[in-house]
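*Asks:* Got a structure for you, questions after.
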Amino acid sequence: MVKAIVTGVSSKMGGRLVQFVYETDGIELIGAVDSKGGSAIGQDVGEYHHRGFIGVPIAEDLRDCIKHSCVVIDFTEKESSLAHLKIAAEHKTSMVMGTMGFMLDEMERIRELTKKTRCVLVPNVSPALFSEMGAGVELIYRSFIRDTFAREAIAAAKWIVKQKNGLYDMQDVLGLK
């Protein structure tokens, strides 16, 4: 059984991830994290999302619940994702990141951290802006159904826990490389 933590649980995407982890065979929700000082802190994540009590309190720090987990599923913003990846690497816990828009130096930091753990970077789930020397490219991928991303994240979470340390993407998960 893959023991998972979802971060950013007060967001709409966080809610979908919680639901899909809870409803999917082979993966168990053992932790939930949200922004420090947020109104969701301390509440049961199931009750917060109107799904009934499931016995998983919402923590404000990943360190509070990472000890017995296999994977962290993070669809927050890039500063939080990088901080969560650092904690995951310290605990040798796998991670699925649905954050985009990392600059070159941030990608180098991700590559460095994934020498100590495993991470699937799920592309194209949020707007990204890349700019250099006055020119820029904006990539926007929109889906009006979060379920697609949630399903991909759950599949990636179940897959990544069996891999060697390193940085992966959905092509790796789907066996397309």
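*Asks:* Build a GNM of the chain with springs between Cα atoms under 10 Å: which of Gly166, Gly46, Gly55 gets the top mean-square fluctuation?
*Replies:* Greatest mean-square fluctuation among the candidates belongs to Gly55.
*Asks:* Here's a follow-up. Under a straight-distance cross-link criterion of Cα-Cα below 26 Å, which lysines are reachable from Lys162, leaving out those fewer than 8 residues away in the same chain?
*Replies:* Lys3, Lys67, Lys78, Lys86, Lys92, Lys115, Lys116, Lys177
*Asks:* For the stretch 1-127, what proportion of DSSP beta bridges, expressed in % and rounded to the nearest 5, is antiparallel? Don't skip to the answer; put the middle values down first.
*Replies:* Working: 1 of 20 bridges.
Counting DSSP beta bridges with both partners in the stretch 1-127, the antiparallel share is about 5 percent.
*Asks:* Is it possible to state the helix-based mean residue ellipticity at 222 nm for the chain, with each DSSP H run of 4+ residues giving -39500 (n - 2.57), the sum divided by total residues, to the nearest 500 deg cm²/dmol? What is it?
*Replies:* On the way: 6 runs with 57 residues, N = 177.
Theoretical 222 nm ellipticity from helices: -9500 deg cm²/dmol.
*Asks:* At R0 = 35 Å, how high is the FRET efficiency between Lys164 and Lys36 if r is their beta carbon distance? Nearest 0.05 is fine.
*Replies:* Working: r = 33 Å, r/R0 = 0.94.
With R0 = 35 Å, the Cβ-Cβ based efficiency is 0.60.
*Asks:* How would you rank 4-14, 64-74, highest first, on the average number of other Cβ atoms within 10 Å across their residues? Don't skip to the end; give the middle numbers.
*Replies:* Working: 4-14: 24.0, 64-74: 20.9.
Ranked by mean Cβ neighbours within 10 Å, highest first: 4-14, 64-74.
*Asks:* If I take R0 = 22 Å and measure r between the Cβ atoms of Lys116 and Gln171 in this structure, what FRET efficiency does the formula 1/(1 + (r/R0)^6) give, to the nearest 0.05? List each step's numbers first, then the result.
*Replies:* Working: r = 23 Å, r/R0 = 1.03.
About 0.45, to the nearest 0.05.
*Asks:* Same structure, new question: Can you list the trypsin sites (Lys or Arg not before Pro) in the stretch 75-123 that are in a DSSP coil and have 13 or fewer other beta carbons within 10 angstrom?
*Replies:* Numbers: sites: Lys78, Lys86, Lys92, Arg109, Arg111, Lys115, Lys116, Arg118; in loops: Lys92, Lys115, Lys116.
In loop regions of the stretch 75-123 (DSSP not H, G, I, E or B), the sparsely surrounded trypsin sites (Lys or Arg not before Pro) are Lys92, Lys115.
*Asks:* Pulled fully out, how much extra length does the chain show between Arg109 and His50, if you take 0.36 nm times their separation in residues and subtract their Cα-Cα distance?
*Replies:* On the way: separation 59, 0.36 × 59 = 21.24 nm, distance 3.74 nm.
17.5 nm is the gain from fully extending Arg109 to His50.
We did not get these values from a lab; they are worked out from the coordinates using the rules stated. The structure displayed is predicted, hence computed values, not measured ones. Neighbour counts run over all protein chains shown; Cβ positions are idealised from the backbone, glycine included.
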